[in-house]
Amino acid sequence: MNAPAPNRGRHLVRADRGFATGGGPIARIVAPLFRRVLDRVDAGLASGSIDATLPDGRTRRLGGRAAGPHVLVTLHNWRPLARLALSGSVGWYRSWALGEWSSPDPVPLFDLFMRNRATLGTTARARGSARLVNRLLHAIRGNDRGGSRRNIAFHYDLGNDFYAAWLDRGMTYSSAVFDPGTVTSEPLEQAQRRKNRLLLDRLDLSPGQRLLEIGCGWGGMAMQAAAEDRVAVTGITLSVEQQAFARARIAAAGLDGHVQIELCDYREVHGQFDAIVSVEMIEAVGEEYWPTFVNRIAASLRPGGRAAIQFIAIDDAIFANYAASADFIQTYIFPGGMLISESRLRAAAERAGLAWQGRCAYGPHYAETLRRWRLRFDAAVDDGALPAGFDAAFVRLWRYYLMYCEGGFRGGGIDLVQVTLVKPA
């Protein structure tokens, strides 16, 4: 038996190598001059407030003009402001990882910045040469066939044992949809199955039909569809780890005659299916390939077929600024990733001949899902249940990632969307 690999996840922690994080020698020297960034933040906070403890011991209130999240932040030196001004969220994370700023709860801070996205403008985004460098490095990690495999492996091949330590028993790594009356108390696994059911109900499935799942994860959706709807499911993934896990659990459930899990790029799918489902996979496609993705859906559906898609959308009003650089998530967590501009995706789908129907949004449900994941991750760390090989730097990175995303959904600048794409009969 092979021993656990040491330093698992270190490629994420070190993913900013070559990226501009705003911490160069000149920036360190002139960091005190970046105190004016506080003025820009103050002016941009239309709602909510920050009580910032400054390196000289003074406290300054930023915002406070209207109700909203109240945040406590301590700046241990001036470098966080230089990093924020030069490298946006990439530099802000790097500063946090180095202990240059702290907060008892960063989630409201990320909520606050997203909630005030219109009035803050580019205050928290990379600029100048840092933006150019980070954008170019992000572009290098693009999503052609080879790049997609590398990018998926970067994130998902951390190990099935890692994800099993903090996901629900169904191993679902996408947003749940909770019962409105029990959002904070409903078991996560139950809410995940409800999400699956909502998507499958969009497809009007009949026993014996063929269903394609693009981005099948660890097989939970495919198994539920085969068991409840009695359809034949083909799931595709680019993760070797996911394929092995999914095949094993499908065989153990006696569903291997009904579900196939293939290591396959969506661009390599052949044949037609009665229906398609894809849950939060298109964020890994990249804007350049959105037309390719929806064209493949159109080609893979029989006439009259339906596709149910769940995706993460970013406010169209800030998409151009978001797309102009690489943010924290794209740098450290999902190389090649890109949140969805809903208007652009819809236009691409309609050009492919697909009708856009039944849009529903569930953003607050993702915030709750992320909160649950963070609690489960923290419990796994505290109980020593995280697999061997993940060091303290990785644990801090992963926790920051979960907090960062939760705050984004709470602030309303990103949303969770389900939609049905229908091919004409």
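The values are calculated or read from the model by the stated rules, or taken from the named source; none is laboratory data. Computed from a prediction, not measured in an experiment: that's the story for all the values here. Neighbour counts are summed over all protein chains in view; Cβ atoms, including those assigned to glycine, are modelled from backbone coordinates with ideal geometry. When the accessible area is computed, the model is the full protein with side chains, heavy atoms only, and any ligands, DNA or RNA have been set aside. Shrake-Rupley method; radii C 1.70, N 1.55, O 1.52, S 1.80 Å.
Some observations on this one:
- Residues that are surrounded by fewer than 21 Cβ atoms within 10 Å (Cβ to Cβ) and either charged (D, E, K, R) or in contact with a Phe, Trp or Tyr (Cβ under 6 Å, 6 or more places away or on another chain) (or both), drawn from the stretch 274-291: Asp274, Glu280, Glu283, Glu287, Glu288
- Subset of the stretch 316-352 (residues that are closer than 17 Å to Leu416 by Cα and open to solvent by 20 Å² or more (accessible area, probe 1.4 Å)): Asp316, Ala317, Ile329, Leu339, Glu342, Ser343, Arg344, Arg346
- Restricting attention to the stretch 77-100 and to residues that are of a type in the set (Gly, Ala, Ser) and in contact (Cβ under 8 Å) with a residue 24 or more places away in the chain, the residue that is surrounded by the most Cβ atoms within 10 Å (Cβ to Cβ) turns out to be Ser87.
- Residue within the stretch 232-249 that is under 18 Å from Leu198 (Cα atoms) and outside any helix (DSSP H, G or I) present: yes
- In the stretch 216-229, the residues that are under 8 Å from Val259 (Cβ atoms) form Cβ pairs under 7 Å with partners that are acidic (Asp, Glu), at six or more places apart or across chains, as follows: Ala222/Glu213.
- Looking only at the stretch 52-70, and only at residues there that are touching an Asp or Glu at 6+ places or on another chain (Cβ under 7 Å) and assigned to a strand (DSSP E or B), the one that is surrounded by the fewest Cβ atoms within 10 Å (Cβ to Cβ): Thr59
- Residue tally, condition of a type outside the set (Val, Ile, Thr) and either surrounded by fewer than 17 Cβ atoms within 10 Å (Cβ to Cβ) or over 18 Å from Trp356 (Cβ atoms) (or both), over the stretch 292-315: 5
- Count of residues meeting criterion [modelled with pLDDT of 95 or more and either open to solvent by 50 Å² or more (accessible area, probe 1.4 Å) or assigned to a loop (DSSP other than H, G, I, E, B) (or both)] in the stretch 252-270: 12
- Remark: Arg374 falls outside the filter, which requires a residue to be open to solvent by 10 Å² or more (accessible area, probe 1.4 Å), modelled with pLDDT of 95 or more, charged (D, E, K, R) and within 25 Å of Leu120 (Cα to Cα).
- Screening the candidates Ala313, Ala298, Ala326, Ala317 for the property of being closer than 25 Å to Glu268 by Cβ and in contact (Cβ under 8 Å) with a residue 40 or more places away in the chain yields one hit, Ala298.
- Residue in the stretch 346-360 that is touching a residue at least 60 places away in the same chain (Cβ under 8 Å), assigned to a loop (DSSP other than H, G, I, E, B) and in contact with a His (Cβ under 8 Å, 6 or more places away or on another chain) present: no
- Scope the stretch 319-344; condition assigned to a helix (DSSP H, G or I) and over 17 Å from the mean Cα position of the chain (by Cα); matching residues: Ala320, Asn321, Ser343, Arg344
- Selection within the stretch 165-217 - modelled with pLDDT under 95 and in a helix (DSSP H, G or I): Pro180, Gly181, Thr182
- When Gln243 is tested against the conditions (1) open to solvent by less than 40 Å² (accessible area, probe 1.4 Å); (2) in contact (Cβ under 8 Å) with a residue 24 or more places away in the chain, the lone failure is (2).
- Qualifying position, being modelled with pLDDT of 90 or more and more than 16 Å from Ala124 (Cα to Cα), among Arg40, Arg28, Arg8: Arg8
- Residue pairs meeting the criteria (Cβ under 7 Å; at least 6 apart or on separate chains; first closer than 12 Å to Leu12 by Cα and touching a residue at least 24 places away in the same chain (Cβ under 8 Å), in the stretch 380-402; second assigned to a loop (DSSP other than H, G, I, E, B) and open to solvent by less than 30 Å² (accessible area, probe 1.4 Å)): Phe390/Gly9; Phe394/Gly9
- Any hit, the stretch 199-213, residues being on the phi > 0 side of the Ramachandran plot and not charged (D, E, K, R): yes
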